[in-house]
1. If you average the C-alpha positions of the stretch 222-296 and of the stretch 70-103 separately, how far apart do those two centres end up, in angstrom?
2. When the Karplus curve 6.51 cos²θ - 1.76 cosθ + 1.60 is applied with θ = phi - 60°, which whole-Hz ³J(HN,Hα) does each residue of the stretch 141-152 get, with x for Gly and Pro?
3. Which order do 181, 87, 51, 243 fall in if you start with the one that has the fewest other Cβ atoms within 10 Å?
4. Give me the lysines in straight-line cross-link reach of residue 30: C-alpha distance below 16 Å, same-chain residues under 8 apart excluded.
5. HN-Hα J couplings of the stretch 46-62 from phi, Karplus 6.51/-1.76/1.60, θ = phi - 60°, integer Hz, Gly and Pro as x?
6. Tabulate in residue order the Karplus-calculated ³J(HN,Hα) for the stretch 281-286, using 6.51 cos²θ - 1.76 cosθ + 1.60 with θ = phi - 60°, rounded to whole Hz; enter x for Gly and Pro.
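Read-outs throughout are calculated quantities, based only on the coordinates presented, and are distinct from any laboratory measurement. As the structure is a prediction and not an experimental result, all values here were calculated from the model. Counting neighbours? That spans all protein chains shown, and the Cβs are built from the backbone with ideal geometry, glycine included.
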Amino acid sequence: MRRADNAEGRVDTVASLDAAALGKGGAWGKVFFVARHFGTGIILSTAFIHLLYHGFVMFNNECIGELGYESTSSAIALAGAFVTFLLDFIGSRTARAKLDHAHARATSAAPEGDETTKEVDGTTTLASSSLVGHSCTHEEAVVRTEQVWQVFLLEAGIIFHSIMIGVTLGAGSGQGWTTLLIVIVFHQFFEGAALGARITLLFWISKLRTFFLGLIFILITPIGIAIGIGVRNSFSQNGKASLLSVGILNSISGGILLYTAFKLLAVDFTDGPLKNAKVSTVCVALGSVIVGMVAMSVLGKWA
């Protein structure tokens, strides 16, 4: 009975991954398919239109003075992207090594009832872990781990600049404050949709972990607002320290999101299921990416 249940679970896992990737699985499957690629466009546009541009603006402000290195914002973004790549590479490599070790143990003789591995129709499955979830095959475990890492990196990039958005909003005042608030609401809504669409794909992780991934995004901007309110009397948007802080964090976030966005495009299109998908499916995915880029780019006029 356990063997049959595991085999069925493995088939369901593969089917769910394919459905999420190609927009199958009914109306909700299509909705999440569009949201997933719309979110990729949002992330890409956020990196270019909002973060990198604002980084350039902050470092070119006359209140900072003349920079010894004019491409400071680009250099910081480059460093952010490369460090993100290193974390992604090292993290994925470490996780894969652990999974390979568990797989090697599974292929050797194991006592009956061993909880680390199970045999299902001649295929070795691995027991659950914090990143992988319930038992699955070795290759599925690798894919799952990589997808979780992508979401972690994406959320890290969003968190870096979301807290500065909150600080700016909390410390701001004047006639332009209402417009800024409206734009930030839409900005955070789009980013939340992008992040949520990716978190939803991690159906194998626990509900508690899913809850915390969403909670971090929900709380980070209000925390920034609280900080901004607390330092309102001493905070100057044209102060040198403020300009440098915002410029550095925006540049770092831009680098992180650039790496993440292009990797998501590669995972979905170049090396992913859309590579061999129907033309109509690819067109819907590309259209969703473009709409996401345009939507966030339009917001860039005000924020």
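1. 18 Å
2. For the stretch 141-152, the Karplus curve yields 4, 5, 4, 4, 4, 5, 5, 5, 4, 4, 5, 4 Hz.
3. On the way: 181 12, 87 16, 51 28, 243 20.
Starting with the residue having the fewest Cβ neighbours, the order is 181, 87, 243, 51.
4. 278
5. 4, 5, 7, 6, 9, 7, 5, 4, 5, x, 4, 4, 4, 6, 8, 5, 5
6. 5, 5, 5, 5, 5, 5
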